[in-house]
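**Student:** One structure follows; several queries about it will come next.
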Amino acid sequence: MRAAREVFAEQGFAAPMAEVAKRAGVGVASVYRRYPSKHELVEQVRIAGFRLLLAEAEQARAEESDPWAALVRFMRRCLREGSGIGTVLPPMDPQHVYSDEFRALQRRVPKAIEDLVSAAQRAGELRQDVEWPDILLLLKHLNPRLPATEQRRAELRSRYLGLVLEGLRPGGPELPGPPPDRAEWQALCDNQPVQ
């Protein structure tokens, strides 16, 4: 999974499975035995990302009594070196039948992030015009594909997250435009055209 995330983050989905195998230190046949197609490998990369998002959200809520600190911790941990969140992946394949596990996790992630956002807003620490899709799309925007090492990309993610966090605090001017709704967020995260 780590090798696939790294390769897709650096080279995009067009990267050959041979590159994933090389990075993992195994033969191409070993990768294809475990993942018969690139789409199945991508599904597993997405599942790993969903699990990480959920684990980070749950841990932040459990270990931070301050809602703002929980939200900030969640975002920092999701963008830390080697997290794999925001890896550039291809559009969802309409021909691929996604597993029940994938679909269940896909439904759980928004609720976990919404809980963090709502708690920070109730505490008066997060601006009221921010919604949970904004946070998830920020994670995606803060982790673009860059021709740099993972260490350097992590440093840049941390730097720009620091700038963004100030804009999430209450008291600033009203944000232009509406936040994405669930359908638009889903399309954007799946790299699909917005209808």
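The values are calculated or read from the model by the stated rules, or taken from the named source; none is laboratory data. The model shown is predicted, which means the values in this text are computed figures rather than measured ones. Neighbour counts run over all protein chains shown; Cβ positions are idealised from the backbone, glycine included. When the accessible area is computed, the model is the full protein with side chains, heavy atoms only, and any ligands, DNA or RNA have been set aside. Shrake-Rupley method; radii C 1.70, N 1.55, O 1.52, S 1.80 Å.
**Student:** Just to be sure I follow: if Rg is taken over the C-alpha atoms of segment 87-136 and Rh is the Kirkwood radius over the same atoms, what is Rg/Rh? Walk me through the numbers on the way to the answer.
**Tutor:** On the way: Rg = 14.6 Å, Rh = 12.9 Å.
Ratio value, two decimals: 1.13.
**Student:** From the P(r) of the chain, could you give the percentage of C-alpha pairs in the tail past 31 Å? Provide the component values of the computation, followed by the final result.
**Tutor:** Values: 3659 of 18915 pairs.
The share of Cα pairs beyond 31 Å in the chain comes to 19 percent.
**Student:** Be a star and scan segment 50-80 for residues whose amide nitrogen sits under 16 Å from the point 7 Å along the Cα-to-Cβ vector of Arg108.
**Tutor:** Under 16 Å, as judged by backbone N against the label point of Arg108, lie 50-62 of segment 50-80.
**Student:** How large is log10 of I(q)/I(0) for segment 91-195 at q = 0.20 Å⁻¹ when the intensity is taken from the Debye formula with one equal scatterer per alpha-carbon?
**Tutor:** These q points yield log10 I(q)/I(0) values of -1.21.
**Student:** Among the lysines, which have Cα under 21 Å from the Cα of Lys22 when same-chain residues fewer than 8 positions away are ignored?
**Tutor:** Result set, ordered by chain and number: Lys38.
**Student:** For the chain, what is the accessible area per residue in Å² when the probe is 1.4 Å?
**Tutor:** On a per-residue basis, the chain sits at 53 Å².
**Student:** Of Gly172, Gly49, Gly82, which is the most mobile in a GNM of the chain whose springs link Cα atoms less than 10 angstrom apart?
**Tutor:** Judging by the Gaussian network model, the answer is Gly172.
**Student:** Ala4: net charge of surrounding residues, Cβ under 13 Å, Lys/Arg +1, Asp/Glu -1, itself excluded? The partial results should precede the final answer.
**Tutor:** Details: positive: Arg2, Arg5, Lys22, Arg23, Arg34, Lys38, Arg46; negative: Glu6, Glu10, Glu19, Glu40, Glu43.
Net charge around Ala4: +2.
**Student:** May I ask for the angle, rounded to the nearest 10°, between helix 67-78 and the longest principal axis of the chain, with both axes built from Cα atoms and the value confined to 0 to 90°?
**Tutor:** 20 degrees
**Student:** Angle, helix 132-141 long axis vs. longest principal axis of the chain, Cα atoms, 0 to 90°, nearest 10?
**Tutor:** 50 degrees
**Student:** Could you check how much of the accessible area of segment 1-114 is carbon and sulfur, as a whole percent, using a 1.4 Å probe?
**Tutor:** C and S atoms contribute 50 percent here.
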